[in-house]
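FYI, it's all coordinate maths here, none of it is from the lab. Note that the structure is a prediction, hence the values are computed from the model and not measured. Every residue, glycine among them, receives a Cβ derived from its backbone with ideal geometry; neighbour counts consider all protein chains shown.
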Amino acid sequence: MSTTTPATQSSNGPSANGSRATKSKPVEGAVRWLDDRLGVAKGGRTMLDKIFPDHWSFLLGEIALYSFIILLATGVFLSLYFVPSSAIVVYHGSYVPLDGQKMSAAYESTVNLSFAVRSGLVIRQMHHWAADVFVGAIAVHMIRIFFTGAFRKPRELNWFIGVTLLTLAIVEGFLGYSLPDDLVSGTGIRIAYSIILSIPVVGSYLASFVFGGNFPGNGLIIPRFFILHVLIIPLVLLGLIGAHLGLLVKQKHTQFPGHGRTEKNVVGTPMYPTFILKTTGFLFMVAGVLWALGGLVQINPIWQFGPYTPTRISYAVQPDWYMGWLDGALRIMPSWEFTGFGHTIPFEVFLPAVLFPGLTFNLFYLWPFIESRVTGNRKSHNLLERPRDRPLHTAVGATGVAFYFMLFAASSTDVLANFTQISLNTVLWFFRFAVFVIPLIVGFVTWQICREMSGIQGVGKRKRAVVVTRSATGEYTTVTTPPRPGDGHKELDAEPVPAFIESEPEPVGAGEGPGVRRISRQD
Amino acid sequence: MTATPVAYPVARFDDPHMLPLAKNPRRTERVVGILLLIGVAGFASYGGVYWVGGQPQLEGIFLGVGLFGFGFGLSAWGKYLLPQGPFVEDRHPFASSEEDIEAMTSAVVDRGTMVVRRRGFLGGLLAAGSGIMGIVLVFPLLRSLGPTPGKTLETTNWKAGSHLVDAQGNRIHRADLEVGGIATVFPEGYTADNFSAYDQTILIRPVKYPFVTKPGREDWTPDEYVAYSKVCTHAGCPVDLYQEQLYQLLCPCHQSLFDVLKGAQPVFGPAPRPLPQLPLKIDEAGYLVASAGYDQPIGPGFWERS
Amino acid sequence: MLTRRRRLFLLPALVVVGVAVVGLLSPGAVARTAASTGTGATNALDPPNPITYVKLPKSYIAPGEQLFLSNCSSCHGPDASGTDNGPDLVGVGPATVDFWVGTGRMPLGNPAAQPVQKTPRLSNKKILEIAAFVGSLAPTAPGYPDGIPQIDLKGASLSTGFSLFVLNCAACHTITGSGDALADGFSAPTLHKATAVQAVEALRTGPANMPHFGPGQLNDQQVADIVAYVTGPIQHPNNAGGLGLGGIGPVAEGFIGLFIGVGGLMLVAFWIGDRT
């Protein structure tokens, strides 16, 4: 189909536009009311025209954003039932194996929420699934940002905010799943105490302050976790997410290079109505997946674990997935403890659980500066780069991802040993070496693949099928198939968002096909 | 007064930018309609299930499918029935001019120091005040949270003469455990949770023959009973997993392995130190009693541990 | 006249009478409950013992010897006193044998392999015959049950069983009873396939790396409570939240959250957005 060059007509004043625009008394009334008080009509129109580049990988951050909204909503519900107290109560609810047992009020309220509140269990599980997906989406989004170079000037600030959001999301998740005070999460809290304790010089003081004494403390740890989890950290998260999105609006989104896309423009679909509709639909789909998981797949069945007491323990205890890298590090670390000069530095805990995550997050924060130093590139970038075009950068990133992935896997040594019937000792020794060797192999292979790919013409582009026909006399002819619907669409030249988009169907005139809406109206 | 009007472009009716992506918009409209209908049906079904008492799996499938269908319909509407463009927006460079940067810098520097001549002295006081205020404001934030550790990390409630009791407070008698048996024990009178966290001790009767765990501990294991602190020296989990035939304690958290016959020496895994051993003796009535407390702090390492 | 109603009462009544008779006749049960002064303390005011140890008929011994010679003697020796390939079984008692053979762990083809639970190769009667034979070789060692346990779970407390299970069993078998790998190639098996009798036998005989819980530590009522918890909420867990994911916990949950949650939503994003 031939593409007509769009001939836009510029109008000379509001009256020319006004006579063509669709009239709507209620909407105009509302716009006037707001504009008289806030002056928002012009800015509002600009916002409606905001262009969003369309690539699918730009939607990963939205998965995180919508999971967060769902966490807020379900969290409000849960906070109306949860009792953040370690006071001992005796259970007399519907779950028989717990009947008559002593437990904290926090645990009892969670069991009651699961069994005695309508939709309580689904919402509680949806909240937990949403937390897992939230951190997972942040990780996937962060990986996309890294590999496409979207963190470069002028977006380093947004990268910092993002890394902070990741850290806070992980902490928030840990606090959240520790609130029910069940056997599995209580064990995690015990380990957290030992981690704080391992810090040289101040560790024993810090641990005693946070917990209110030697473990288990004075009973204030659950209420403190609660207020951090429902008030302090969500406020910081909200503020940072607002700043994150605000920066995105101010600096505009990045885009991949392509037809008509330059460093000085943004090409895509307008905010209203296209993007808003697609993204609202996405919100509902995220909610749908999480709600379905919340009702159909059990997560954290605390009634099966029983309440936490310091003498109880279970085997096959792992933290939630986003803490797994720390648990894996704790497991594979050799038992190197330094004792001397009247003091002890327990490196077997301090290194994997304090120094190593500290190094990790510092490295994340500093990355934009490290990279601009190493590459000498201090220009602003609004165009992204394909990962294959920067083999070394991509290889370093792949090595990092593989390294953390190996640590996650190391957290499940006992489950793996049981599943594969390989000795636990062998599995552990395997991970002690694999955690360094495998990322290096992954990095090298990635580097090679990227270098090869970037040398190939037309790699990554949509291929058109070529039909080869052989004539009766033996000659070959090749015919490239015509472009598919949507292919040619994107090769149109981009143009500014037009004055209005027709919403009422006009009578179809002669010569116009079905489905075509008339835009301009006869006066 | 109203703002200057802006010239907005107008698109022609056959502009390909305005055309929907769908090949057959009428059919796509129908599909979107069905999806939205699935959404509505899902919402209503969830409401119904809730009304009659609720059931997690039914609630999950109805509202889940409803929400997903509804969202799918909305996104399909946006993707297939609305103009996809491509449209363009210009990026306006937001960096200010050199004059503006110069003006901002000088405003910050000059205005603050215009009337002041002893800048260094006053500036130093300002910095010192802010710094000290910052430090002391941290005090209530941190120190008020709880007590200092004192000696709590270094002692337990086990003393010479403490009877070994189980969680219910019953004293342990020499005949109670079979060979190969284990039990969790506490000093008599200290079975409550806030003590048991560090007092908890594992009592094992590993073998039939007498054994010595380490030189100097010849009389610590009467009747082949041996007792170790149950708090793992790695990160504090209760070491409750006993492999009877290998005479090893395995910590369930990070899989440290301790040799029971050799003073709970760590033989595998991240634990750095053996589990402290509690010296035992048997009193005249046949009950197990500690002949002394632990000879070192129990549990994970910390700075003050020498 | 035996109306249907009366017939319904007849069977439990017979069971109670039968258990009482067997219980009174079993010297082992009487001796055990009276002797302990430790954690398993009981006194005359306690309810009747839920576990009784039934002695096997003497007629089982001869066929048992034949079965033993053809299935077991190659590793354990013709007189069960052990060889390099299998330990000495003299004095272990019938319950020990019933556990090992009844769970299919024995006969074991390769003596170096760790025995795992399988479908038993012999019928129940044959297993009891072998047990009777081994039990007849010598008086059962003290601390091992002298008969096959019969257990009545009616009066068991699930709540007490849960508490005892967490303190004594969860560290190896996990809190959901799904089992896990121990060090040096061994593993704590899943509890989902154990019968009540096998659970009692395991507790009272301490097979392989499992500690030995004698009556001085857990009395019979406590054992019954634990077994009631194992055959109840462990083997038939309350999975009100949906798919149980094998009771492994966060490892399985992480897979689902990442692959189905994040992965599925990434597919949705792939559909919504464009490819360049």
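Principal axis extents of the C-alpha atoms in segment B:178-255 (largest first, rounded to whole Å): 36, 30, 26.
Hey, with R₀ at 30 Å, roughly what FRET efficiency would A:ILE441 and A:PHE419 work out to, going by the Cβ-Cβ distance, to 0.05?
Plugging the Cβ-Cβ distance into 1/(1 + (r/R0)^6) gives 0.80.
Database remark: amide H of A:ASN265 closer than 5 angstrom to the amide H of B:ARG91 (H placed geometrically; neighbours at sequence offset of 5 or more, or on other chains; Pro and chain starts carry no H).
What is chain B by shape, rounded, prolate or oblate, if you read a ≥ b ≥ c off the alpha carbon gyration tensor as root eigenvalues and call it rounded for a/c under 1.5, prolate for a/b larger than b/c, and oblate otherwise? Taking the square roots of the gyration eigenvalues as a ≥ b ≥ c, chain B is oblate.
Averaged over peptide B:268-281, the number of partner chain Cβ atoms lying within 10 Å of each residue's Cβ comes to 4.
Restricting the calculation to Cα atoms, segment C:47-198 shows an Rg/Rh of 0.99 when the hydrodynamic-style radius is the Kirkwood one.
One equal scatterer on each Cα of the protein assembly as shown, no solvent, Debye formula: the resulting log10 I(q)/I(0) at q = 0.04, 0.09, 0.10 Å⁻¹ is -0.29, -1.14, -1.31. Size check on chain A: the Cα extents along the three principal axes, sorted descending, read 88, 65, 51 Å.
Per the Cα gyration tensor, segment A:264-401 maps to an equivalent ellipsoid with semi-axes of 40, 32, 12 Å, ordered largest to smallest. Cβ-to-Cβ counts within 10 Å put A:TRP291, C:TRP271, A:TRP367, B:TRP51 in ascending order as B:TRP51, C:TRP271, A:TRP367, A:TRP291, the fewest first.
Hydrophobic long helices, here whole DSSP H runs in chain B with Kyte-Doolittle means of at least 0.5 and Cα atoms spread over 27 Å or more along the helix axis, are found at B:25-51, B:56-80, B:119-142.
Once the chain from A:VAL479 to A:LEU72 is taken as fully extended at 0.36 nm per residue, the excess over their C-alpha distance is 140.9 nm.
Exceeding 27 Å between C-alpha atoms, which entries from my cross-link table qualify? They are B:LYS230/C:LYS154; A:LYS250/B:LYS79; B:LYS159/B:LYS230; A:LYS252/A:LYS278; B:LYS281/C:LYS55. In this structure, B:LYS230/C:LYS154; B:LYS281/C:LYS55 lie more than 27 Å apart at Cα. Excluding residues fewer than 8 places away in the same chain, name every one of the lysines whose C-alpha is closer than 16 Å to that of A:LYS42. Cα-Cα hits under 16 Å: A:LYS50. From largest to smallest, the equivalent ellipsoid semi-axes obtained for segment B:16-80 from the alpha-carbon gyration tensor read 32, 9, 7 Å. Pairwise inverse Cα distances across segment A:52-314, averaged and inverted, put the Kirkwood hydrodynamic radius at 20.5 Å. The packing ranking, built from the mean of other Cβ atoms within 10 Å per residue, places the peptides A:410-419, A:162-171 in the order A:410-419, A:162-171, highest first. Electrostatic bookkeeping for A:ASN418 treats Lys and Arg as +1 and Asp and Glu as -1; over the other residues with beta carbon under 14 Å from its beta carbon, the sum is -3. Amide hydrogen proximity for B:GLY180: with H placed 1.01 Å from N in the peptide plane, the residues at 5 or more positions away or on another chain lying under 5 Å are B:ARG205, B:VAL207. If R0 equals 41 Å, the separation of the Cβ atoms of B:LEU141 and B:VAL109 corresponds to a calculated FRET efficiency of about 0.75.
For A:HIS55, the residues whose modelled amide H falls within less than 5 Å of its own, excluding neighbours fewer than 5 places apart on the same chain, are C:ASP274. Remark: spin-label model distance B:ILE282-B:VAL40 equals 8.3 nm, labels positioned 7 Å along the Cα→Cβ axis. Can you work out the base-10 log of I(q)/I(0) for segment C:188-276 at q = 0.18, 0.21 1/Å, using the Debye formula on its C-alpha atoms alone? Treating every Cα as an identical point scatterer, log10 I(q)/I(0) equals -0.88, -1.02. Here is how the number arises for chain B: DSSP H runs of 4 or more residues each give -39500 (n - 2.57), the sum is divided by the residue count, and the result at 222 nm is -11000 deg cm²/dmol.
With a Förster radius of 22 Å applied to the beta-carbon distance between A:PHE341 and B:GLN265, the computed FRET efficiency rounds to 0.35. Cross-link partners for C:LYS125 among the aspartates and glutamates, with Cα-Cα distance under 20 Å and sequence neighbours closer than 8 places in the same chain left out: C:GLU65, C:ASP98, C:ASP146, C:GLU201. Aspartates and glutamates near A:LYS463 by alpha-carbon distance under 14 Å, same-chain residues fewer than 8 away left out - which ones? Excluding near neighbours in sequence, the set is A:ASP487. Along the charge dipole of chain B, Cβ charges K/R +1 and D/E -1, which of B:THR105, B:ALA264, B:VAL165 sits furthest on the positive end? About the Cα centre, the residue reaching furthest to the positive side is B:THR105. Across peptide A:61-71, the mean count of Cβ atoms from other chains lying within 10 Å of each residue's own Cβ comes to 2.
Judged by the gyration tensor of its Cα atoms, with axes a ≥ b ≥ c, segment B:122-261 is prolate; a/c meets the 1.5 cut and a/b is the larger of a/b and b/c. Entry note, chain A: relative contact order of 18 percent, from Cα contacts under 8 Å with a spacing of 6+ residues. Screening chain A for whole DSSP H helices of 18 Å or more along their axis (Cα) with average Kyte-Doolittle hydropathy at least 1.0 returns A:60-79, A:120-148, A:156-178, A:183-197, A:233-251, A:276-296, A:391-410, A:424-454.
Compared with the rule-of-thumb size 2.2 N^0.38 Å for a compact globular protein, segment B:236-306 has a Cα radius of gyration ratio of 1.25.
Ranked from largest, the principal axis spans of the Cα set of segment A:359-433 equal 54, 26, 18 Å. If I histogram all Cα-Cα distances within segment C:111-157 using bins 10 Å wide from 0, what percent of pairs lands in each bin? Going from the shortest bin to the longest, the percentages are 18, 32, 40, 9, 0.
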